[in-house]
Each structure stands twice: as structure tokens, then as C-alpha cells.
Amino acid sequence: MIKIIAGICFFGSFLAFGLGTLGLYRFPDPYTRMHALGMGDTIGVGLVGLGLFLLSHSWILRIKLVVIVLLFWMINPTMTHLVAKAGLIHGIQPVKDTKLRRDE
Amino acid sequence: MILILLVLLRAIIGPTIIDRLISINAITSKVSIIILLMAFAREEYGFVDVAFVFMLCAFVGGLWILKVVTPGDWQLRIPGLKGFEGDGFEGSKLGADKLEGGRLKADKLEGSGFKCDEHEEERLEMEDLEGDKLKGDGEEGNLLD
């Protein structure tokens, strides 16, 4: 039973990673691509952590997995924010009809 | 997974630099997840620590690449947009004369894509204006060439 639930979690994480990659190809603009990839990675890592948490048999492994997932949930939005800010500083324009776009 | 190859393709064909950065970030996260899964599949649980350290190193590496690639200070200014006009340097300890120079530099940076010539001109102008004070910033921009 636990293995079935873990398998569902792994499949969901694969789906989330796949949707993030699909968004990376289909969106028109670097910022929207970044958004899609950030969301997909966050939910994918969370689901993989949940599945491995259910599968693991000792508490030290579970504590390590929780630390990894929480740290990833802090690191990935920070990285996305910094990359987006660097893009705005470089002057990479967002897609049309956006508030941050500068038409000169 | 196959998805790593797809993300790597985006990193190769990506039109701007932040596409490449975010693709590399995604690749590292996927690799650390694969290390975790391999550790559980082969029942060698020491690799959980390997995934942990790999993720931290990827974060620090990404920060370093961002710092090298981005010229100037980190204050975001967009003239004409409310809230992003950037009056003053909160939190940075630059002097008054350096403040003027930094603002001038950042105003010139806006709209310039990633061209080496403009950076070169701007660096020369900055050195004319400010003397030796901003030489450190100029050398940081020099890494782009």
C-alpha cells in the first residue's frame, strides 16, 4: 500500500517536471518560462520528497529528506527571483502588455 | 530522465542569458533528485548526503555566475514606472560622489542588451568621470568581454 502511494507521488513529480519543461518550450518570454520551471521544480521535488519519506525505514533518513526538501523550497524561489532581477537589470524585455515593459 | 536533455536543449538554444541560467538551475535540481532516487533504488543511503551537498553547491555556483554576469549594482531602476525609480541607495554604503556615478551608470545600462561595445564605452566614460574611484566596478564589467 505504501509502495503504491509512493509510486503515485513519483508519477506526479514526473508529471510536474514534464509540465515545467513543456512550459519552458511553449511560453513566449524568459520570465514566464522561469515561472513555469520554478513551479514545476518546486512541486516535483516536494512530491519526490514525500514519496521517499514514505519509503524510508529509519528516522535519520526522513529527517535528511525533510531538510533537503525545505532547503530546496527556500533556494529555488530565491534563485528564480535573483535571475529575474538580473534579467531586468540587463534590459531583457518582457512580453507585450506587461507592466514592466518599457517602450522607447 | 529524458527531461534533462530537453532542458539542456533549451539551455543551448535559449535566446537570452537568463534562459540559460534558469535551465542550468533546473538541470541541477533534476540531477539532485535523480541522485536521491538512485540512493533509494540501490539501498546505499549515503548518497542522500551527496544530493544535499550537490544542491547547495549548485546554489552557490549559480549565485556566483549571476554576480559575474550582472554589471554594476543590484538596484533596479526603471524611469517612469512608479516604485522602481530608485531614489537613493538604501542599504549600500557608497559615498555621495560614488552615488551619482552609480546612478549614471545604471541609467545608461538600461536598454543596452548584452553588447560588449556599449559596456566598453560606458566603462571608459565612467573612468573619465570618476577617476579611479569606480575602477573596481569597471573591472567587474570587464569580465563580460
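Expressed in units of 2.2 N^0.38 Å, where N is the residue count, the Cα radius of gyration of chain A is 1.35. Using the Cβ-Cβ distance between A:Val95 and A:Val67 with R0 set to 41 Å, the FRET efficiency works out to roughly 0.65.
Legend: ranking of residues A:His90, A:His57 from fewest to most surrounding C-beta atoms inside 10 Å; resulting order A:His57, A:His90. The value of relative contact order for chain A, using C-alpha pairs under 8 Å at least six residues apart, is 28 percent.
Convex hull volume of the C-alpha atoms in segment A:20-75, normalised per residue: 56 Å³. Take the Cβ atoms of B:Asp49 and A:Thr78, set R0 to 25 Å, and the FRET efficiency comes out at 0.65. Think of it as helices only: each DSSP H run of n ≥ 4 in chain A is worth -39500 (n - 2.57), and spread over all residues that comes to -28500 deg cm²/dmol at 222 nm.
Laboratory data are not the source of any read-out in this text; all were calculated from the coordinates shown. None of these values were measured; they are calculated from a predicted model. Neighbour counts run over all protein chains shown; Cβ positions are idealised from the backbone, glycine included.
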